[in-house]
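What follows is a set of notes on a single structure, which appears directly below.
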Ligand SMILES: [Fe+2]
Ligand SMILES: [Fe+2]
């Protein structure tokens, strides 16, 4: 039944690749708008998703499968910060749900290592969701002031010579 695991692992790679592309796109635009905190969060999360791809690919190769490396979705050209955070939180929720289901499927097929891999990914995706959720709450609570503060912080860092992330 390793074919089923390979198929699920490749579907995970496709979603992780989409997340890397989307979060880096958000990173560029937050950086361009001067929102250093959010730009840094999207970049760090994209890097974590890339490390997920590496772990999943290693498992596929161990199972003697092929790593497909096809993104599951095109990048959405969203420039509004509130919409970015909403989309990112939704992506994390659906990844966590899929990986939970796929962990169960791998368990049914007696592939406990792939099951454990999916379970460890669920933990990371839930943490990512939480990070985006906190930022959405901040934005709802403080509104435009929250974004203005990030721009001011950048100006302070620039004048102090501190490089952005
Ligand atoms: Fe991930
Ligand atoms: Fe994630």
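Every number here is computed from the coordinates shown, using simple stated rules; none is lab data. Since this is a predicted model, take the numbers as computed values, not measurements. Note that each Cβ is placed from the backbone with ideal geometry, even for glycine, and that neighbours are counted across all protein chains shown.
So the values come out like this:
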{"item": "Pairwise label distance in nanometres, residue 119 with residue 44, each label 7 Å out on the Cα-Cβ vector", "result": "2.7 nm"}
{"item": "Cα-Cα pairs of the chain separated by more than 26 Å (percent)", "result": "34 percent"}
{"item": "Helix 112-142 axis, angle to the chain major axis (alpha carbon atoms, nearest 10°)", "result": "20 degrees"}
{"item": "GNM flexibility winner over the chain from 120, 155, 94 (Cα, springs under 10 Å)", "result": "155"}
{"item": "Protection-proxy order for peptides 138-149, 52-63, each taking the mean of Cβ atoms within 10 Å per residue, highest first", "result": "52-63, 138-149"}
{"item": "Residue 86-residue 141 FRET efficiency (beta carbon distance; Förster radius 22 Å; 0.05 resolution)", "result": "0.90"}
{"item": "Viscosity 0.890 mPa s, 25 °C: Kirkwood-radius Stokes-Einstein D of the stretch 10-99 over Cα pairs, µm²/s", "result": "181 µm²/s"}
{"item": "Gained length - residue 127 relative to residue 70, 0.36 nm times residue gap less alpha-carbon distance", "result": "18.0 nm"}
{"item": "Convex hull of Cα atoms in the stretch 107-150, direction-averaged projection (nm²)", "result": "3.9 nm²"}
